[in-house]
Amino acid sequence: MAILVEHGTILDGTGRPPQSGSLLIDGNRIAAIGRPGDAALRARATTVVDARGGTVLPGLMNLHAHIHRRHMSWARDETLPFRFRYPQIETQPEAQAILHALNNAWYELRRGATTIRDTGSRVFLSHTLKRALGSGLFHGPRIVTSGKIICMTGGHGAGSGQEADGPDAVRRAAREQLKMGADWVKVAATAGLSGMPEKEDPRMVELTCEELTAAAQEAHKRGRRIAAHADANDGIKNSLRAGIDSIEHGVYLDDEAIAMMREQGTFLVPTMSGLYNLYRREEAAGNTDFSSILRDEVIGPHRESVAMAYKAGITIATGTDTLGELVQEIEMLHDAGLPPMEAILAATRNAARVLGWEKDLGTLEAGKKADVVIVDGDPLADLSVLRRVKTVILDGHIVTAEWLMPSA
C-alpha cells in the first residue's frame, strides 16, 4: 500500500523551517517528499490522507515511561497522592498489569507516541508486551525495554527492581537483565522522590561508581546502552565516570557535570512533567508541607538544570515518567528555555539519537521508516496544537482500532 499525505505543512524534524508539501509512503518507508499537489506522487498512491490545515511531523517518542503504571483510574484522580497509591500498582496481579500496559501503550500511540522506552517494569512486563506486539497478536507502538531497574538493597526502585550490592553482584544483575532481553540496562544511581521525605531524598547517592561501571561494561559489551536514574549531583557524576549513556531526571546539575556530559556526549532525559505532576498532585491533595518541599527543593532546581544543559548544547530528549504527559513535557522544555522547534526536536530527532535509531527514525526523509503524526494547526505557534492529533501512521500503517486489534 502506498499512502500519500498531502496539503499539509511538513515539519521534518531536521530543524529546517517547515514547508508545504506532499509525503509519499511506500510499504513501511518514506518513498519521497515532493511539492504540494505533486501529480507524480499522487499517481503512485493507493490511499490519500488530506492534511489540509495541519502539520505533518515525525512520530513522537517517549523515552522514559513505566508502561504498566500510567492512565489507570486512580491516576486520573488528581486528589490522590501518587506515593500512597504506588504500592497498589506494583502489587496488582501480573495479568491485570499487562492489560494496563497494553491499554497505556495504545493511549500513548493514539496521541502520537510511536516509540516508547520503558525504563523499568516489574516481572518483565515490558518484555511480554514487546513480544505480544512483535508477534502480531496486537499492534502497537515500538517498545524499547529495560527490564527491571538495578538498585542497591533498599534503594530507589527496590520494590519492583533487582537489588544488588557490590560490583560483582551488579554485574551479574546486568547480565541477567540482558539475558531476559533488555534493550537497555537501567540503574539507580541515586535516591528519588517516591519515598520522600520520610524514606529517601533525591540528593542521596546510592549505587557507587564501581557498581555503575560494572553495569555499563556489561551493557556495552552486548552492544546495548545504559540509563541511570540520577538526581543527586554526585550520583550524576558517578554515572558519567562510569560511562552511562543517558541521565534520567538530572535534577541537580552543576557546571562540572554538564561539562562532563558535553565531553562524553551523554544524553539527558529530564522528565520534567512527571516530577512537576507529582508536586501538583500533592498540592491538590492538601499536602502543602510536602508540596512546598517539592516546589522549592526539586522543581525549581530541576528547571534551572535543564536550562543550563540546553545552553551548554547537551542533547535533551523527552520522557514523561509515571505521572507526566508527552506534550506537557515538550511545553515544559520550552518553558525551560528551548525554542518551540528545539522542544519538538527533543521528541523526534533527539530521541532517535538517544536510542541510536537516527538512521531510521526521528525525521521525515526519504528512505526512513514511516512513523508520521498529523496534528491540526501549527505547533511552532502553539505547542498545545500537538494534542490535536488527526492521524497517526506507524511503520507505514494508518492507526485505526481495526488495525490495533487484528482479527485472528
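Working note: Karplus 6.51/-1.76/1.60 with θ = phi - 60° gives the range 141-153 the couplings x, 5, 10, 10, 9, 10, x, 8, 5, 8, 9, 6, 4 Hz, where Gly and Pro are set to x. For residue 14, the residues 5 or more places off, or on other chains, whose built amide H falls under 5 Å of its own are 364. The alpha-carbon of residue 179 sits under 25 angstrom from the alpha-carbons of these lysines, leaving out residues fewer than 8 places away in its chain: 130, 148, 221. Between the residues 127, 397, 10, the greatest Cα displacement towards the positive end of the dipole of the chain, with unit charges on the Cβ of Lys, Arg, Asp and Glu, is found for 397. For volume of the Cα convex hull per residue in Å³, the candidate list reads (i) 165; (ii) 126; (iii) 143; the entry that matches the value derived from this model is (ii).
In order along the range 261-273, the Karplus-derived 3J(HN,Hα) couplings, from 6.51 cos²θ - 1.76 cosθ + 1.60 at θ = phi - 60°, round to 4, 5, 5, 8, x, 6, 8, 10, 10, x, 6, 4, 5 Hz, and Gly and Pro are given as x. Ranked by the mean number of other Cβ atoms within 10 Å per residue, highest first, peptides 271-284, 180-193, 16-29 order as 180-193, 271-284, 16-29. Working note: 222 nm ellipticity from helices only, DSSP H runs with n ≥ 4, each -39,500 (n - 2.57), summed and divided by the residues of the chain, gives -10500 deg cm²/dmol to the nearest 500. Centre-to-centre, using Cα atoms only, the range 337-408 and the range 1-19 are separated by 11 Å.
Using a Cα-Cα cut-off of under 29 Å, which lysines could be cross-linked to residue 311, ignoring same-chain neighbours fewer than 8 residues away? Those lysines meeting the cut-off are 186, 237, 359.
With contacts taken as Cα pairs under 8 Å at a separation of at least 6 residues, the chain carries a relative contact order of 19 percent.
Just so you know, all these numbers are worked out from the coordinates, no wet-lab data involved. Every value quoted in this text rests on a predicted model; they were computed, and no experiment measured them. Virtual Cβ from ideal backbone geometry, glycine too; neighbours counted across all protein chains shown.
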